[in-house]
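Reading through the structure tokens given below for one structure.
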Amino acid sequence: MPGMQLRICHLYPELMNIYGDRGNVITMVKRCIWRDIAVTVTDITLGEAIDPADFDFFFIGGGQDREQILVCDDLSGDKGQAVRQAVEDGASLLAICGGYQLLGKYFLTYTGEDLPGISLFDVKTVGGDTRFIGNIAVDCEVDGIRAQLVGFENHSGRTRLGPEARPLGRVIKGYGNNGEDGTEGCVYKSAVGSYLHGSLLPKNPRLADWFILRSLRRKYELEELPGLDDALENAARDAALQFTMKEKRFRKRFGR
Ligand code: GLN
């Protein structure tokens, strides 16, 4: 697809990157290169401003509560506003776990820190006294992606969707947003928040292509993307799905 370009903004890559979250950015880059789409990745960290018009796709990974405190402070004000503006203007975005929590209304940690979010997603998160840990499988409910997603989760935060919020999908196995209502993640326009580390996109190529298509449609008239041979990716996803369905579940006490 010569002549097309996708500009990626990787937010806080050195602070918000656990369980291989940066693999999501690598997947986006590779799937563009394989289709002859020019792609750039710009790392943006603490103290660096964002122009919402400069990027087509944003990525923020997960992090520990202490890193989230720094990022929360940095995103308050103009920078968080710029990310919201970009999504309102049609950019796409993927936020994993700790990043997802900070793009909601707030994250109240188990140890009592109150971290206000940028309110891109209509979700609220409160830390609990156990951690939700393990592999997770989800039935994705987003238009155009009828697929089962697999990943790995590890979070104390329990996220509740507001009345306007749409989930990314329903939990088949694992905990997802809060371990109670069966929802996982949140979708707003072309922005997705999810608890799935692991990383998400390499094993879920249909979701990766959803982001690429939505990002490109911001600038180009495009019906669909040329297909790729996803035999390996699908085999990896199916294998992960099989062992996830057989696993026993447990909850880990906070701090141990
Ligand atoms: N610190 C957050 C929590 O425990 C997010 C963790 C993560 O990104 N895996 O809920």
Of (1) within 16 Å of the ligand (Cβ to nearest atom); (2) of a type in the set (Gly, Ala, Ser); (3) exposed (fewer than 13 other Cβ atoms within 10 Å of the Cβ), Ala235 fails just (1)
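Residues are listed down the side, and each one gets a yes or a no for (1) more than 30 Å from Gln85 (Cβ to Cβ); (2) within 11 Å of the ligand (Cβ to nearest atom); (3) not charged (D, E, K, R):
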residue	(1), (2), (3)
Thr109	no, yes, yes
Leu115	no, yes, yes
Val123	no, no, yes
Asp129	yes, no, no
Cys140	no, no, yes
Val150	yes, no, yes
Val171	yes, no, yes
Gly174	yes, no, yes
Six or more apart or on different chains, Cβ atoms under 6 Å: show the pairs whose first residue is in region 119-134 and under 15 Å from Tyr188 (Cα atoms) and whose second is of a type in the set (D, E, K, R).
Ser119/Lys105; Leu120/Arg84; Asp122/Glu164; Lys124/Lys105; Lys124/Arg160
Among the residues of region 168-191, how many are in contact with a Gly (Cβ under 6 Å, 6 or more places away or on another chain) and surrounded by 24 or more Cβ atoms within 10 Å (Cβ to Cβ)?
4
So Ser190, is it at pLDDT 95 or above, away from the ligand (no atom under 16 Å from the Cβ) and either among the polar types (S, T, N, Q) or closer than 21 Å to Val150 by Cβ (or both)
yes
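For every residue, the table says whether it meets (1) surrounded by fewer than 21 Cβ atoms within 10 Å (Cβ to Cβ); (2) among the hydroxyl-bearing types (Ser, Thr, Tyr).
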site: Ala53; (1), (2): yes, no
site: Ile60; (1), (2): no, no
site: Gly63; (1), (2): no, no
site: Lys79; (1), (2): yes, no
site: Leu102; (1), (2): no, no
site: Tyr106; (1), (2): yes, yes
site: Leu115; (1), (2): no, no
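What about Tyr19, is it within 15 Å of the ligand (Cβ to nearest atom) and part of a loop (DSSP other than H, G, I, E, B)?
On the way: within 15 Å of the ligand (Cβ to nearest atom): yes; part of a loop (DSSP other than H, G, I, E, B): yes.
So Tyr19 fits the description; yes.
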All positions within region 171-201 that are assigned to a loop (DSSP other than H, G, I, E, B) and under 13 Å from the mean Cα position of the chain (by Cα)
Gly176, Asn177, Gly185, Ser190, Tyr195, Leu196, Gly198, Ser199, Leu200, Leu201
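Inside region 60-107, can you point out the residues that are part of a strand (DSSP E or B) and either more than 10 Å from the ligand (Cβ to nearest atom) or closer than 18 Å to Arg22 by Cβ (or both)?
Within region 60-107, the subset part of a strand (DSSP E or B) is 60, 92-96, 106-107.
Scanning region 60-107 gives Ile60, Ser92, Leu93, Leu94, Ala95, Ile96, Tyr106.
I'm trying to understand the selection: among the residues of region 22-46, which are charged (D, E, K, R) and within 16 Å of the ligand (Cβ to nearest atom)? Outline the logic, then answer.
To start, the set of residues in region 22-46 that are charged (D, E, K, R) comprises 22, 30-31, 35-36, 43.
Residue satisfying the conditions is Arg22 alone.
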Failed item in (1) over 15 Å from His197 (Cβ atoms); (2) buried (at least 24 other Cβ atoms within 10 Å of the Cβ), with Ile33 passing the rest:
(2)
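The values are calculated or read from the model by the stated rules, or taken from the named source; none is laboratory data. Worth saying up front: this structure is predicted, and the values here are computed from it rather than measured. Reconstructed Cβ throughout: ideal geometry from the backbone, glycine too, with neighbour counts over all protein chains shown.
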